[in-house]
Structures are given as structure tokens and as C-alpha cells.
């Protein structure tokens with residue numbers, strides 16, 4: 001069993017965020033009908049973050 005040893009877990013949070021993003025990309029890829037996930041769809045998945053990530057502001061090309 002792993003332990004954080006009393007650390008705040010800052011690096012763990014970053015790792016969990018990356019795992020979450022990778023999971024979202026895998027889900028999008030599974031739902032895609034093509035052999036490859038289009039760049040536009042990758043941008044949608046990565047930039048449309050409800051947690052205040054990069055997409056918290058206006059989307060590219062807007063406003």
C-alpha cells in the first residue's frame with residue numbers, strides 16, 4: 001500500500017489531472033468512427049474543462 005508520507009500531494013494532483021485527461025481522450029477516441037481522432041476533437045476534449053482549465057475563457061476563434 002502506498003503512502004503520501006504526510007506530503008501535500010501537489011505532484012499527485014497533477015498526475016491525477018493528467019490521468020483524467022488521458023481517460024477523456026480515450027473515451028473520445030472510442031466514440032470516434034474514424035481511425036484517428038481529429039485534431040479539432042482533441043482540442044474540444046482538452047480545452048473544454050469544467051474545472052477552470054484552459055477552456056475557462058473564450059474558445060479559440062470566439063470574441
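The values are calculated or read from the model by the stated rules, or taken from the named source; none is laboratory data. Not measured: the values here are computed from a predicted model. Neighbour counts are summed over all protein chains in view; Cβ atoms, including those assigned to glycine, are modelled from backbone coordinates with ideal geometry.
For segment 29-45, give me the residue count where each residue is surrounded by 10 or more Cβ atoms within 10 Å (Cβ to Cβ) and either over 11 Å from the mean Cα position of the chain (by Cα) or at pLDDT below 90 (or both).
Final tally of qualifying residues: 5.
Only one of these conditions is not met by residue 6: (1) on the phi > 0 side of the Ramachandran plot; (2) modelled with pLDDT of 90 or more. Which number is it?
Failed condition: (2).
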